[in-house]
Amino acid sequence: MEYVHGLNLIHRDLKSDNLLIAADKSIKIVDFGIARIEVLTEGMTLETGTYRWMAPEMLQHRSYTKKVDFYSFGIDL
């Protein structure tokens with residue numbers, strides 16, 4: 001996720017189904033279908049992703065940043 005966020009991207013649907021384990025035990029992040037570039041000056045689409053992994057600010061229709069991916073990652077752990 002550090003690499004993805006370094007590109008200024010938000011995955012927005014980080015969940016166990018989108019994390020693959022390679023033969024060398026490394027994790028591969030997949031399904032960037034609803035990912036987008038983080039833009040702080042304009043509104044972001046609300047309620048994007050899977051509800052069980054969705055950060056509270058997305059559920060409450062508030063503005064959000066890439067921190068929503070950290071929340072989803074915590075749920076995965």
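Restricted to region 1-49, and to residues that are β-branched (Val, Ile, Thr) and touching a helix residue (DSSP H, G or I) at 6+ places or on another chain (Cβ under 8 Å), which residue is modelled with the lowest pLDDT? Outline the logic, then answer.
Here is the first cut: in region 1-49, the residues β-branched (Val, Ile, Thr) are 4, 10, 21, 27, 29-30, 34, 37, 39, 41, 45, 48.
Cutting the leftovers down to touching a helix residue (DSSP H, G or I) at 6+ places or on another chain (Cβ under 8 Å) gives us 4, 10, 29-30, 48.
Working: Val4: 91, Ile10: 92, Ile29: 94, Val30: 95, Thr48: 78.
For region 1-49, the residue satisfying everything is Thr48.
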Exercise. Can you spot a residue in region 57-72 that is under 19 Å from Lys15 (Cα atoms), modelled with pLDDT of 90 or more and either polar (S, T, N, Q) or surrounded by fewer than 11 Cβ atoms within 10 Å (Cβ to Cβ) (or both)?
Worked result: yes
Seminar exercise, completed: Taking region 6-29 and keeping only residues that are within 17 Å of Ile75 (Cα to Cα) and assigned to a loop (DSSP other than H, G, I, E, B), one is left with His11, Arg12, Asp13, Leu14, Lys15
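The values are calculated or read from the model by the stated rules, or taken from the named source; none is laboratory data. Here the structure is a predicted model, which is why all the values come from computation and not from measurement. Cβ coordinates were reconstructed from backbone atoms using ideal geometry, including for glycine residues, and neighbour counts include every protein chain displayed.
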